[in-house]
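One structure is given here, and the rest of the page talks about it.
The values are calculated or read from the model by the stated rules, or taken from the named source; none is laboratory data. Keep in mind that what you see is a predicted model, and the values were worked out from it rather than measured. Glycine also receives a Cβ, built like all others from the backbone with ideal geometry; neighbour counts cover every protein chain displayed.
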Amino acid sequence: MSRKRTVKLPESVPTTFEICGEAGALAIEAAAEEGQQLRRFTMTAYTGGEMVLAGWPYPVVVDLKGLKIPKQSRPILKDHNRSLIVGHTDRITKTDTTLEVTGVISGAGRVAQEVVQSSENGFPWQASVGARAEKVVFVPEGKTARANGREFSGPVYVARRATLGEMSFVALGADEDTSAKVAAQAARQNTEVFAMNFEEWVEAQGFTLADLSEKQAENLKGTYEAIEASQAGGEGDDGGEEPPPADPDGSDEPQVTQAAPSAVDAKAAVENLRAELATETKRVATIRKTCAGRHPEIEAKAIEEGWDETKTELEVLRASRPKAPAAHVPEAGVNGTVLEAACLLTAGLQKPEDHCDEQALDAAAKRFRGGIGLQELLLEAAWANGYTGRNFRATREVLRFAFGQNLAAAFSTIDIGGILSNVANKFLLDGFFSVERVWRNICAVRNVSDFKTVTSYRLIGKDQYEPVAPGGELKHGTLGEEQYANKADTYGLLLSVDRRDIINDDLGAITTVPRKLGRGSGLKINDVFWTIFLANSGFFKTANKNYLTGTDTVLSIDGLTKAEVAFLDQVDSDGKPIGIMPQIVLVPTALSAMGTQLYKSLELRDTTASTKYPVANPHQGKFRVEVSRYLANTHYTGASDKAWYLLADANDLPVIEVAFLNGQESPTIETAEADFNVLGVQMRGYHDFGVALQDPKGGVKNKGEA
C-alpha cells in the first residue's frame, strides 16, 4: 500500500491571502427614509474560480466546502485598515460555488460616509475577504481536481481547508472574474503541499534552477532525493510508517499532513543555500557599485571569478590611474536616467537633448555604443534590483525583478516601469503631434474636473448706462444669459509588447507601440472634433444670420468682404452689436492658395476676359488662414471643398469648445508587466476630452457656390 508523500510549502509562499469579489458584485441600498434602519449592503466575495496569487508558483483555488466561518458578525473595513470602519456583517452564506455576504453600513465616521456617497455617485466598490490556508493540495500537470462544482486541471493548488478572516470595501480588485492578491508579509503557517518534482520543488523554495551553479543544483538534488527516500521509506507493509488517515471529504487526491522526519535537515539545507545566494547577491552588488559602470571588463571578470570587494577595488584603482600621455576620464554610472537616455538614442528620437541632460546622453552613448536592446534594458533593471542570473532564459523571473515585484528584493534601485513610461510618453507625444492640429487653433479650451455636463454662460447687457442721480445712487440693470453645454468622455486603447518582442530583443516595440497610441489619440480627437463641427446645419443657418449662399460667396475679395459685413452686423439677443471682430478664415485644402493670397498679397490681379485692372487687397494681413483636410472629406456629414468659414478668435467668442479632464490636453500612457496570462509588457493610452458647438454668433459659414 503506497504512502502519500508531502513536502513543506516554501517559506516564500504566503498562506494568508485576500479574495476579491467581482466588479459590480457589491451593492448598497438606496437612502432610507428618516427614522428607518441603516443602509444595508450585499456583496459576492468569491466566485469559486482560480486565483493568481503573487508568491504562489501556480494558481490557487479555495474549496468553499472546507472554508470555515468563525461567526456571522464581522467588522467591515475599508482597504483592510482596522482604523477605517465602514460597518459590520449580519449574514455570511456559502453556496457550492460562491461566498455571499450581507450587512449594515453602521460606521458613524467619515469613511462610512465616503463609501456611501461614492456608491451613490456610481463608484463600483468591490469586496475583499481575507482567508488563511490550513490544508493545501497540489495538483500536478496532467491531473485534475474538483472543487466548487468545477474541475480544475493541474498545475494548481487547492486550499481544502481555510478560515475566513476580515472583510473590506476596496476600490479595485486584481482580476476581471474572481480576483485575489497577497497580504504583505503574511505570517507563516504549518501548511504543507503534496510532493512536487525536483524542478517544481526548487522553484517552490524561491530559486530558479537556471540561475544556480552546478554545485548548488547538485546539493539541492541530494536534499530533494533524501526527502523523497525518507518519505518513501514508510510505504508498503514492511513495518514503516502507517499511511495518513483518509481525507474526510472523500477525495482520492494527496492530502496535506505534517512532514515526516527526513534523513537530512531539508530546511537547514535550503536556508544555507538561500544565505549563500544572498551573500553572492551582496558581492555582485558591491562589485557593481565599485565599478560604477566605468569598468565593464573588470566588473564582468570580478563577478565570473568570484573576486571579493578588496580585490575589485584594487583592480579599479589600477585601471583608474592616468595613462600617459592622455589622462583617464571616468564615465558616468548606469542609472535610470542613463537607461532612459540610451533608449531615446537607440530609437532615434528627434532632439533627445530636449528630454535628457547632456551628462546622461554622454554616459549612454559611451556605455551602449551600439545601442541598447530590450533584453539588455530589462536585465540592467533586474540586476540593479537583485537579480543574479546571467541571461534572459527565465523571462518571467527577469520581468519580476525588473518591475520590482520580487518578494525577496528588499528595495528597487531602478524603476523600469518609470523608465518605460517616460520613454513611451516621449514617443506617445511624438505620435500625437504628428497628425493635423487645426482644431486646436480654432477652438476654446475648458478645464473640467469630472465627467459631468458643464454649462458656460455669456452675459448680455439689457440696459444702457443711466444718469447718476445727485445722491450718487446707481440704478439696477439686468443681465440676460446665453448658455452652452459640454462634457468630457474617455477614449483609450491597450497594446502589448509580448514575449516574442522581448526574445527578438526589439527595443522598437516600446517606441512604435506608444507612437501608435499617440497617433491614435490624435486621430481620434480630430475625428470627434470635425464630426461635430461639420454636422452644423442647425448651427450655421440663415435664421441665425451666420450662413451665406450664392455665387458671390466664393472665396475672393468680394466674398470675404460680404462675410465680414455679415459677421460685423450680427447682434446679441437684445439687438445690440456683439462687439467682436473676426480673426480666422478656415478653408479646405482646395481653397488654401486663395486664402494665402488674401492674407499676404497687397493686390489681386485678374487677367481674364473681363479685363479687371489691378485691385488693391483690403484684407491683406487681416485674417489668419487655417487649412484643414477634414473640411472636404466626404466621410464626414456636411463636408465641402467650396465652403469656408470666417470665425472670431476662440478666446473672444468660440463657435466650438474642447473640454479636457483636469486640463490634460495630451493623452496619458501607462506601462506595467502584463497580466499573468500574457508574458510581456503592456501599455495603455487614454485621453479624456469632450467637444461641443458653442455660440453661433462666433462665426459665419459661406457656402462658396449657388
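Summary table below
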quantity: Positions within region 331-365 being modelled with pLDDT under 80, more than 15 Å from R294 (Cβ to Cβ) and among the small types (G, A, S), in sequence order; calculated: G336, A347, G348
quantity: Residues (touching a residue at least 40 places away in the same chain (Cβ under 8 Å) and under 13 Å from R39 (Cβ atoms)) located in region 85-119; calculated: V86, G87, T102, G103, V104, I105, S106, V115, V116, S119
quantity: Residue in region 77-92 that is within 14 Å of Y46 (Cα to Cα) and at pLDDT 80 or above present; calculated: yes
quantity: Count of residues meeting criterion [in a strand (DSSP E or B) and modelled with pLDDT of 65 or more] in region 464-494; calculated: 11
quantity: Test: residue in region 584-604 that is touching a residue at least 24 places away in the same chain (Cβ under 8 Å), of a type in the set (D, E, K, R), outside any helix (DSSP H, G or I) and assigned by TED's automatic domain parsing to the domain that holds A632; calculated: no
quantity: Scope region 520-540; condition in contact with a strand residue (DSSP E or B) (Cβ under 7 Å, 6 or more places away or on another chain) and of a type in the set (A, V, I, L, M, F, W, C); matching residues; calculated: I525, V528, F529, I532, F533, F539, F540
quantity: Residue match in region 125-143 (condition: among the basic types (K, R) and modelled with pLDDT of 85 or more); calculated: no
quantity: In region 610-667, residue nearest to R519 (Cα to Cα) [restricted to those that are touching a residue at least 24 places away in the same chain (Cβ under 8 Å) and among the hydroxyl-bearing types (S, T, Y)]; calculated: S666
quantity: Qualifying positions in region 276-308 - in contact (Cβ under 8 Å) with a residue 40 or more places away in the chain and farther than 27 Å from N219 by Cβ; calculated: A292, G293, P296
quantity: Residue satisfying all of: in region 283-296; among the charged types (D, E, K, R) and farther than 17 Å from L379 by Cα; surrounded by the fewest Cβ atoms within 10 Å (Cβ to Cβ) among these; calculated: R283
quantity: Some residue of region 71-92 being in the same structural domain as V116 (by TED's automatic domain parsing), of a type in the set (G, A, S), closer than 30 Å to S153 by Cα and not in a loop (DSSP other than H, G, I, E, B); calculated: no
quantity: Residue list for region 525-549, restricted to those being in a loop (DSSP other than H, G, I, E, B) and touching an Asp or Glu at 6+ places or on another chain (Cβ under 9 Å); calculated: K545, T549
quantity: Residue match in region 550-571 (condition: in the same structural domain as F623 (by TED's automatic domain parsing) and assigned to a strand (DSSP E or B)); calculated: yes
quantity: Helices (runs of 4 or more DSSP H) fully within region 376-455 counting 1 or more residues that are at pLDDT 75 or above, of a type outside the set (F, W, Y) and out of contact with any helix residue (DSSP H, G or I) (no Cβ under 8 Å at 6 or more places or on another chain); calculated: 438-442
quantity: Among (1) touching a residue at least 24 places away in the same chain (Cβ under 8 Å); (2) of a type in the set (A, V, I, L, M); (3) closer than 19 Å to Q694 by Cα - the single one A543 does not satisfy; calculated: (1)
quantity: Test: residue in region 515-529 that is closer than 18 Å to K642 by Cα and at pLDDT 95 or above; calculated: no
quantity: Answer residue from region 593-613, given it is at pLDDT 90 or above and more than 29 Å from A535 (Cβ to Cβ) and is surrounded by the most Cβ atoms within 10 Å (Cβ to Cβ) among those; calculated: Q597
quantity: First in region 132-157 and assigned by TED's automatic domain parsing to the domain that holds P59 and in contact (Cβ under 8 Å) with a residue 12 or more places away in the chain, second anywhere and acidic (D, E) and in a loop (DSSP other than H, G, I, E, B), Cβ under 6 Å, 6 or more apart; calculated: V137/E253; A145/E253; A147/D63; G149/D96; G154/E141; P155/E141
quantity: Residue list for region 107-122, filter: surrounded by 15 or more Cβ atoms within 10 Å (Cβ to Cβ), of a type outside the set (D, E) and over 8 Å from I85 (Cα atoms); calculated: V115, V116, S118, S119
quantity: Residue match in region 308-318 (condition: surrounded by fewer than 10 Cβ atoms within 10 Å (Cβ to Cβ), farther than 21 Å from A364 by Cβ and at pLDDT below 55); calculated: no
quantity: A650, sole failed condition from (1) of a type outside the set (F, W, Y); (2) over 18 Å from K562 (Cβ atoms); (3) at pLDDT below 95; (4) loosely packed, with under 13 Cβ neighbours inside 10 Å; calculated: (4)
quantity: Subset tally (residues that are out of contact with any helix residue (DSSP H, G or I) (no Cβ under 7 Å at 6 or more places or on another chain) and hydroxyl-bearing (S, T, Y)) for region 272-314; calculated: 3
quantity: Where a residue in region 498-523 is farther than 13 Å from L377 by Cα and among the basic types (K, R) and its partner, wherever it lies, is buried (at least 23 other Cβ atoms within 10 Å of the Cβ) and at pLDDT 65 or above, with Cβ under 6 Å and at least six apart; calculated: R515/F427; R515/G431; R519/G431
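Here is a yes/no grid of residues against (1) within 23 Å of G698 (Cβ to Cβ); (2) surrounded by 12 or more Cβ atoms within 10 Å (Cβ to Cβ):
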{"site": "K545", "(1), (2)": "yes, yes"}
{"site": "T553", "(1), (2)": "yes, yes"}
{"site": "S573", "(1), (2)": "yes, yes"}
{"site": "P577", "(1), (2)": "yes, no"}
{"site": "I584", "(1), (2)": "yes, yes"}
{"site": "P588", "(1), (2)": "yes, yes"}
{"site": "L591", "(1), (2)": "yes, yes"}
{"site": "V615", "(1), (2)": "no, yes"}
